[in-house]
Each structure stands twice: as structure tokens, then as C-alpha cells.
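> Quick one: the structure is below, questions incoming.
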Amino acid sequence: MTSVTSTSLQELIDRADERGLAAAGLACLDRCLPLLAPDGADVLRPVWAAVARGDGGAWGEAVAKARVALDGADSGAGDEAAALVRGMLDGAPADWAGEPLREWARRCSEAALTAHAHHDATDAGPLYAGELRRQQAVLEAVAHGPTGLRRARDLSTEGGRVLRAVVSRRARTA
């Protein structure tokens, strides 16, 4: 695989504003969180709330609290998967500014696609393809402003359930 992200996904990231970038990165983290902490979804609620308000100060504080809450979390899904998710969380910028958020959204996109490809039976299989579609849908939804955040959260919840089910099924058959 030469490039993990598609051109259209990159274009969506390039056009996104701060709220869209924060939502895109956070949505990737949210969907992959079961790989680090299966019961950790509630930890990200204050971060989602800060994104909804577009509040940079609350964003930095909520991200810092999420890091503390998930410190030492490990789902047992594997060191590589947990490291990808930990990297997404640790890489979240404290500042609500376009370029740091854009770079973080790109890194989260890559990490989420890598994590999904790792759990796919084939390279760029259905799990990977579903994650790519969700990432594009999240960016398209948040481009409509704060009203698109609900759709972004719904997509993240759905994607997290899918990944959790795949990991659970693999654990049972291993």
C-alpha cells in the first residue's frame, strides 16, 4: 500500500476548519478507543463537548483530562494497536489552531486506517474500507457546522462498535 489515505479524504482535511479538524481527529480516536480501553468512550464526552462549542480553552483542558483518565489503559488487544491509539491521544494538540489540528487530524486518519487494516483479513479489506468511508462522512458532516457533529458522533459510535466486535470475535477464536 503506497498511501493509506485517499486523495478525496486529504482534500476534505485540507478544506476543514478548526472545528472540523478537531472533530475528524477526535472521531478517529473515538472509533479506535476500544483497542486501548474498551470501556473508555465516556472519557471523550467532554472533548466532544468542547468541539461542539468551538471552545479552544475547554478543548485543551478536556484533552488533558482524557489523557490522565486513560493513562495506563490497555485493552490487551495488542501493543501495536494500543500504541496507535495512545499516539492519537497523546498527539492531540493543546492549542485550538488550524495547522496543529490539521496535522493531528492527518495523523489520526493514518493511524485509524492502519489499525483497521491490521484487523482486516485482507489488505484494504472491508474493515479498512468502512473506516475510510466513515472518515469521509465525518468530514462531510462537520463541514455543515455544529449541526453535523451529531452525525459525526453517531458514525464514531457505530465504527467503535464494529471494531470492538471484530476484536472480540478474534479474541474468542484465537
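The values are calculated or read from the model by the stated rules, or taken from the named source; none is laboratory data. Being a predicted model, the structure only gives us computed values, none of them experimental. Glycine gets a Cβ as well: all are built from the backbone with ideal geometry, and neighbour counts include every protein chain shown. We work out accessible area using only protein heavy atoms, side chains counted, and drop any ligands, DNA or RNA first. Shrake-Rupley method; radii C 1.70, N 1.55, O 1.52, S 1.80 Å.
Residue by residue, here is whether (1) in contact with a His (Cβ under 9 Å, 6 or more places away or on another chain); (2) modelled with pLDDT under 95; (3) open to solvent by 10 Å² or more (accessible area, probe 1.4 Å); (4) assigned to a helix (DSSP H, G or I) holds:
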position: GLY72; (1), (2), (3), (4): no, yes, yes, no
position: SER109; (1), (2), (3), (4): no, no, no, yes
position: GLN136; (1), (2), (3), (4): no, no, yes, yes
position: GLY145; (1), (2), (3), (4): no, yes, yes, no
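> If you don't mind, there's one more thing I want to ask. Under 7 Å by Cβ, and 6 or more places apart or on different chains, what pairs join a residue from segment 99-110 that is on the phi > 0 side of the Ramachandran plot with one that is open to solvent by less than 60 Å² (accessible area, probe 1.4 Å) and hydrophobic (A, V, I, L, M, F, W, C)?
Filtered contacts from segment 99-110: no entries.
> Another question, then. Kindly provide the set of residues from segment 118-134 that are open to solvent by 40 Å² or more (accessible area, probe 1.4 Å) and assigned to a loop (DSSP other than H, G, I, E, B), ordered by number.
ALA121, THR122, ASP123, ALA124
> Right, another one. Say whether the condition of being over 21 Å from PRO38 (Cβ atoms) and under 14 Å from the mean Cα position of the chain (by Cα) is met by at least one residue in segment 54-72.
no
> Which pairs do you get when a residue that is closer than 17 Å to ARG164 by Cβ, found in segment 125-141, comes within reach of a residue that is open to solvent by 10 Å² or more (accessible area, probe 1.4 Å) and of a type outside the set (A, V, I, L, M), reach meaning Cβ atoms under 8 angstrom, with the pair 6+ apart or on two chains?
Pairs found: PRO126/ASP120; LEU127/HIS119; LEU127/ASP120; TYR128/ASP120; ARG134/GLU158.
> Give the residues of segment 32-54 that are open to solvent by less than 10 Å² (accessible area, probe 1.4 Å), closer than 18 Å to HIS116 by Cα and in contact with a Lys or Arg (Cβ under 7 Å, 6 or more places away or on another chain), sorted by residue number.
Scanning segment 32-54 gives a single hit, LEU36.
> Also: In this structure, does ARG151 turn out to be open to solvent by 50 Å² or more (accessible area, probe 1.4 Å), in contact (Cβ under 8 Å) with a residue 40 or more places away in the chain and either touching a helix residue (DSSP H, G or I) at 6+ places or on another chain (Cβ under 9 Å) or part of a helix (DSSP H, G or I) (or both)?
In short, no.
> I'm told ALA94 meets every condition in (1) in contact (Cβ under 8 Å) with a residue 24 or more places away in the chain; (2) open to solvent by less than 60 Å² (accessible area, probe 1.4 Å) except one. Can you identify the failing condition by its number?
(2)
> Check segment 98-107 and report whether any residue there is open to solvent by 20 Å² or more (accessible area, probe 1.4 Å), of a type in the set (Gly, Ala, Ser), within 23 Å of GLY40 (Cα to Cα) and touching a Gly at 6+ places or on another chain (Cβ under 9 Å).
For segment 98-107, residues open to solvent by 20 Å² or more (accessible area, probe 1.4 Å), of a type in the set (Gly, Ala, Ser), within 23 Å of GLY40 (Cα to Cα) and touching a Gly at 6+ places or on another chain (Cβ under 9 Å): absent.
> Out of the residues in segment 86-107 meeting the condition of being under 22 Å from LEU35 (Cβ atoms) and of a type in the set (Gly, Ala, Ser), tell me which one is modelled with the lowest pLDDT.
Once the filter is applied, the top-ranked residue is GLY87.
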